[in-house]
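Encoded as structure tokens, the structure appears first; notes follow it.
The values are calculated or read from the model by the stated rules, or taken from the named source; none is laboratory data. Just so we're clear, the structure is a prediction, and the values are computed from it rather than from any experiment. Neighbour counts run over all protein chains shown; Cβ positions are idealised from the backbone, glycine included. We work out accessible area using only protein heavy atoms, side chains counted, and drop any ligands, DNA or RNA first. Shrake-Rupley method; radii C 1.70, N 1.55, O 1.52, S 1.80 Å.
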Amino acid sequence: MRSNPLATASLLALAIALAGCGEDKAPATQAAAPAVSSESAAPATTGTLDQAAAQAVVKHYADLALAVFSDAASTGKTLQSAIDALLANPSEDTLQAAKQAWLAARVPYMQTEVFRFGNAVVDDWEGQLNAWPLDEGLIDYVASDYQHALGNPGAQANIIANAAIQIGEDQLDASTITPELLASLNELGGSEANVATGYHAIEFLLWGQDLNGTEPGAGERPYTDYLIGEGATGGHNERRRAYLQAATALLVSDLDSMVEQWQDSVEGNYRSELLADSAENGLRKMLFGMGSLSLGELAGERMKVALEANSTEDEHDCFSDNTHNSHFYNGKGIRNVYLGEYRKVDGSTLSGPSLSQLVAKVDAAADSSLQSDLAASEGKLQVLVDSANSGQHFDQLIAADNAAGQQLVRDAIAALVKQTAGIEQAAAKLGISDLNPDTADHSF
Amino acid sequence: MLRKPLIAALLGLALAGCDQSPPEARISAALADSVVLPAYRSWLLSNQQLASSAAAFCAGESALPAARQAFLSAQSAWAGLQPLMVGPLAEGNRAWQVQFWPDKKNLVRRQVEALLSSKPQLNQADVENASVVVQGLSAYEYLLFDPALDLRQAEQKARYCPLLKAIGNHQQALGQEVLDQWQAEQGMASQLKRFPNARYADANEAIAELLRAHISALDGLKKKLGAPMGRQSKGHPQPYQAEAWRSAASLANLAAALASAERLWQGHNGDGLKALLGRDQAELAGRIDAAYLDTRQRLAALERPLGELLGEPTGLARLNELYASLDQLHRLQESELAKALGVQIGFNAHDGD
């Protein structure tokens with residue numbers, strides 16, 4: 001069960017209620033945690049929050065976001081160069097190099113995801129980059145036993161093979177593959193499984209379908225799918241090459257546009273909006289991002305569903321079998337935000353005013369407890385990485401008959417759940433009672 | 001004659017006035033006995049009927065409509081447990097063993113067919129060792145309602161009946177296991193009534209958890225309604241992303257869950273969560289009452305299955321109004337009620353996309 005941050009207050013309330021027997025008709029909880037009818041946080045705790053310190057923490061959070069998104073953008077450009085090299089001279093080596101560049105680009109990107117929940121500007125933008133799971137038959141050829149989302153009219157559209165795409169009664173012109181065309185084909189026919197762009201579309205174009213189920217092995221697309229003329233495989237290779245190039249160009253420009261949102265002194269960008277808002281709202285977004293990614297998204301959507309259903313279809317980086325790293329760096333991102341630290345791609349470390357310091361000022365024990373929860377979950381996610389590195393990947397761990405493997409995933413989930421309770425407790429210490437930053441315009 | 005209830009009521013007040021237990025303890029105990037435990041009992045009962053219905057259908061002793069009716073009852077009882085998801089059923093993967101939703105890529109069909117192809121002589125143990133996707137009501141619904149199947153045909157009946165019976169048995173055993181854990185000496189019911197205990201330091205913790213489960217369920221109902229309406233997919237309706245689309249029971253499930261949430265709020269006898277609000281919070285209580293009424297009436301007025309409503313603009317507009325009403329009901333309790341009761345809501349499994 002979850003720990004209850006209000007347990008101490010509740011004990012006090014109980015004492016008051018007992019003492020007041022026969023006189024006090026008010027519910028006991030009112031005595032302990034003063035009922036708040038306005039939208040503000042509980043008065044007792046707001047007073048303890050050092051506004052200037054909180055502002056500094058939010059500002060450093062924006063710096064952190066800038067650093068992580070900048071790394072995502074620069075590694076995206078490295079990926080683009082590697083893909084250019086692959087297309088210039090398709091070979092086993094250039095395909096391998098492109099795959100390595102994709103894997104490296106995922107490292108900072110997965111650490112950006114903690115900024116997604118809580119910041120609508122990121123949440124609205126990310127679908128074009130990281131939507132998942134996808135019906136890859138939209139993009140290219142697939143195996144005959146390919147299964148897709150029910151009722152998805154674009155599940156077998158195969159854009160690469162078709163210059164004109166039939167969706168229900170509509171015919172779409174796809175004769176020239178450009179970044180704009182691909183962006184417009186995303187969620188074609190309204191199905192969110194129609195993912196034409198982003199990391200996973202590129203991943204599919206580099207690796208191909210993983211047809212091994214819960215057995216060892218990832219996708220095995222041959223480099224010859226990118227050859228023209230003799231030795232070419234796959235078919236429609238000019239269009240496949242154009243697709244890969246366009247999808248990568250779109251990724252790079254999308255990443256650049258998000259960097260601009262977090263740059264200092266850019267009038268009207270998201271950073272200036274965030275810093276102009278109250279520090280309390282900034283802290284709420286930080287904590288909401290950490291908790292939502294930790295519980296609902298990572299532990300739930302990305303791990304628990306795949307685990308309980310023994311479903312490789314619900315594996316995050318399913319073509320490349322890079323899921324362990326994606327999970328690990330998601331977790332790292334949560335820890336980064338709490339500690340105010342980020343280890344950049346160039347090896348240097350950015351650090352500054354942190355949530356951890358703010359919490360420690362109010363309650364040192366709550367801070368050290370959350371710090372150890374974050375370290376513990378990183379340890380459990382590291383176990384998944386180690387397992388993959390020694391040959392057993394996430395899609396093997398979740399097999400129905402792999403009890404020991406399942407336990408590793410279960411342990412990581414449990415650590416993330418525990419850490420989420422710690423995040424709730426830290427929020428309560430800072431007087432952030434309502435953690436949901438939903439607005440009328442955006443619901444996370 | 002008229003005096004008797006009055007005297008009883010006054011006596012009740014007097015006793016309550018000097019009762020050593022705080023109101024939280026009384027409300028928690030009352031909810032356990034008169035709302036939560038009865039819901040778990042009727043779930044088990046409907047699971048028992050599900051198991052015997054599967055056996056009867058497969059033995060040729062009853063027809064498909066009766067088997068479908070037993071399924072709908074079990075599914076409705078399960079839906080009613082959503083706001084009461086505390087204790088054993090909320091732990092481990094037990095809830096997953098009952099239902100797999102959302103099913104974005106039709107895993108139910110894929111896993112059922114894969115299992116039956118690899119184990120044509122399916123036995124109970126095969127199902128117990130298989131994925132949760134094939135153990136529960138979602139797979140059962142596939143067998144009885146999928147447009148591509150027809151279990152009235154002898155050949156199909158032979159192929160699918162072993163799984164149908166095994167799921168019925170699994171659900172019955174699961175219902176029994178959960179109810180046993182509720183009714184055990186130091187079980188869940190006892191933990192909602194006597195404090196402190198291994199689970200709760202005091203009644204406030206118990207109330208906080210009941211409230212969190214209640215609010216999380218309302219959030220979940222928004223997801224279940226919003227997904228097929230296309231709220232996460234640029235407004236394009238996604239009928240196959242609905243819960244229970246095969247049995248056309250999506251809105252019936254919603255109604256069952258909502259009714260159960262309202263019972264937790266009102267209590268069986270005026271002793272629900274509402275009773276924890278003081279006299280000075282009567283205005284908030286009134287608004288929440290009105291919100292329940294509004295959502296309930298809008299839902300009742302729809303009268304047609306979700307799949308049909310999604311297919312036409314007027315239907316979609318009415319669903320949007322229902323969604324807005326449900327959203328209001330959820331937010332009132334997530335923010336104002338939680339604050340009034342001094343409960344931090346925190347994160348739930350529905351956060352994220």
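For the protein assembly as shown, the mean residue ellipticity at 222 nm estimated from helices alone is -18500 deg cm²/dmol, where every DSSP H run of n ≥ 4 contributes -39500 (n - 2.57) and the total is divided by all residues, rounded to the nearest 500. For the pair A:Glu92 and A:Tyr146, label points projected 7 Å from Cα toward Cβ lie 2.7 nm apart.
Relative to the longest principal axis of the Cα atoms of chain B, the long axis of helix B:250-266 lies at roughly 20 degrees. Taking B:Gly278, B:Gly226, B:Gly80 as the candidate residues, the one with maximal mean-square fluctuation in a Gaussian network model of chain B, Cα springs under 10 Å, is B:Gly278. Considering protein heavy atoms only and a 1.4 Å probe radius, which residues within segment B:94-112 exhibit an accessible-area decrease of no less than 30 Å² in the full assembly relative to the chain by itself? Buried by the other chains: B:Trp96, B:Lys104, B:Lys105, B:Asn106, B:Leu107, B:Arg110.
In a fully extended conformation the segment linking B:Ala301 and B:Leu116 would gain 62.4 nm over its present Cα-Cα distance, using 0.36 nm per residue. When the Gaussian network model of chain A links Cα atoms closer than 10 Å, the mean-square fluctuations of A:Trp125, A:Trp262, A:Trp102 top out at A:Trp125. Coupling constants for segment A:344-359 follow from the phi torsions by the Karplus curve (6.51 cos²θ - 1.76 cosθ + 1.60, θ = phi - 60°), and in residue order they are 6, 4, 7, x, 7, 10, 9, 9, x, x, 10, 4, 3, 5, 4, 5 Hz; glycine and proline get x. Here the Karplus curve 6.51 cos²θ - 1.76 cosθ + 1.60, taken at θ = phi - 60°, turns the phi angles of segment B:92-102 into couplings of x, 10, 4, 4, 5, 6, 8, 9, 10, 8, x Hz, with x standing for Gly and Pro. Once the Cβ-Cβ distance of A:Ala52 and B:Asn129 is raised to the sixth power relative to R0 = 51 Å, the FRET efficiency obtained is 0.30. Per-residue 3J(HN,Hα) values for segment A:68-84, derived from phi via the Karplus relation 6.51 cos²θ - 1.76 cosθ + 1.60 with θ = phi - 60°, read 5, 5, 5, 5, 4, 5, 6, 6, x, 5, 4, 4, 4, 4, 5, 6, 4 Hz in sequence order (x marks Gly and Pro). May I ask for the net charge around B:Gly315, where only other residues with Cβ less than 14 Å from the Cβ of B:Gly315 are counted and Lys, Arg are +1 while Asp, Glu are -1? Value of the local net charge: -1. Excluding same-chain neighbours fewer than eight residues apart, the lysines reachable from B:Lys193 by a Cα-Cα span under 19 Å are B:Lys274.
For the interface of B with A, what's the total buried accessible surface in square angstrom, probe 1.4 angstrom, rounded to the nearest hundred?
On the way: alone 17230 and 19200 Å², together 31200 Å².
Buried: approximately 5200 Å² between A and B.
Taking 0.36 nm per residue of separation and subtracting the Cα-Cα distance, full extension of the segment from A:Gln382 to A:His442 would add 18.2 nm. Put A:Ser351, B:Ser250 in order of accessible area, highest first, and with a 1.4 Å probe you get A:Ser351, B:Ser250.
Candidate cross-link partners of B:Lys157 among the lysines, defined by an alpha-carbon separation under 23 Å and a same-chain spacing of 8 or more, comprise B:Lys119, B:Lys165. Note on B:Ala63 and A:Gln156: their simple-model spin labels are 3.6 nm apart, each label 7 Å out from Cα toward Cβ. The H on the amide N of A:Leu172, modeled in the peptide plane, is under 5 Å from the matching H of A:Ile165, A:Gln166, A:Ile167, each at least 5 residues off or on a different chain.
How do A:Leu408, A:Leu182 rank by accessible surface area computed with a 1.4 Å probe, from largest to smallest?
Details: A:Leu408 55, A:Leu182 0 Å².
The residues order as A:Leu408, A:Leu182, largest area first.
Computed from Cα positions, the angle between helix B:64-80 and the longest principal axis of chain B comes to roughly 30 degrees. The angle between the Cα long axis of helix A:323-339 and the longest principal axis of the Cα atoms of chain A comes to about 30 degrees, rounded to the nearest 10. When the GluC sites (Glu not before Pro) in segment B:237-304 are filtered for DSSP coil states and for at most 10 other beta-carbon atoms within 10 Å of their beta-carbon, the remaining sites are B:Glu303.
Around B:Gln328, what is the net charge, scoring Lys/Arg as +1 and Asp/Glu as -1 over all other residues with Cβ under 15 Å from its Cβ? Don't jump to the answer; show the numbers that get you there.
On the way: positive: B:Lys222, B:Arg287, B:Arg296, B:Arg298, B:Arg331; negative: A:Asp438, B:Asp219, B:Glu262, B:Asp289, B:Asp294, B:Glu321, B:Asp327, B:Glu334, B:Glu336.
Net charge around B:Gln328: -4.
Counting only protein chain heavy atoms and rolling a 1.4 Å probe, the accessible areas of A:Tyr141, B:Tyr140 rank, largest first, as A:Tyr141, B:Tyr140. Rounded to the nearest 0.05, the FRET efficiency derived from the C-beta distance between B:Ala148 and B:Ala198 at R0 = 35 Å is 0.10.
Students often get this wrong, so check it: of A:Lys285/A:Lys418; B:Lys224/B:Lys339; A:Lys332/B:Lys339, which have C-alpha atoms separated by over 24 Å? List each step's numbers first, then the result.
Details: A:Lys285/A:Lys418 20 Å; B:Lys224/B:Lys339 26 Å; A:Lys332/B:Lys339 32 Å.
Among A:Lys285/A:Lys418; B:Lys224/B:Lys339; A:Lys332/B:Lys339, the Cα-Cα distance tops 24 Å for B:Lys224/B:Lys339; A:Lys332/B:Lys339.
The value of relative contact order for chain A, using C-alpha pairs under 8 Å at least six residues apart, is 21 percent. Residues whose amide H falls under 5 Å from that of A:Glu187, counting only those 5 or more places apart or on a different chain, are A:Asn194, A:Val195, A:Ala196, with hydrogens built in the peptide plane.
Give me the number: length gained by fully extending A:Gln171 to A:Ser272, i.e. 0.36 nm times residue separation minus the C-alpha to C-alpha distance, one decimal in nm. Before the final figure, lay out the partial values.
Details: separation 101, 0.36 × 101 = 36.36 nm, distance 4.30 nm.
Here the segment from A:Gln171 to A:Ser272 would lengthen by 32.1 nm.
Within a Cβ distance under 12 Å of A:Gln111, other residues only, what is the Lys/Arg minus Asp/Glu net charge? Neighbourhood net charge equals +3. Computed with a 1.4 Å probe over protein heavy atoms only, the accessible area of A:Thr78 comes to about 80 Å². Take each residue in B:331-341, count the other chain C-beta atoms within 10 Å of its C-beta, and the mean is 4. Nonpolar atom fraction for chain B, defined as the carbon and sulfur part of the 1.4 Å probe accessible area, stands at 54 percent.
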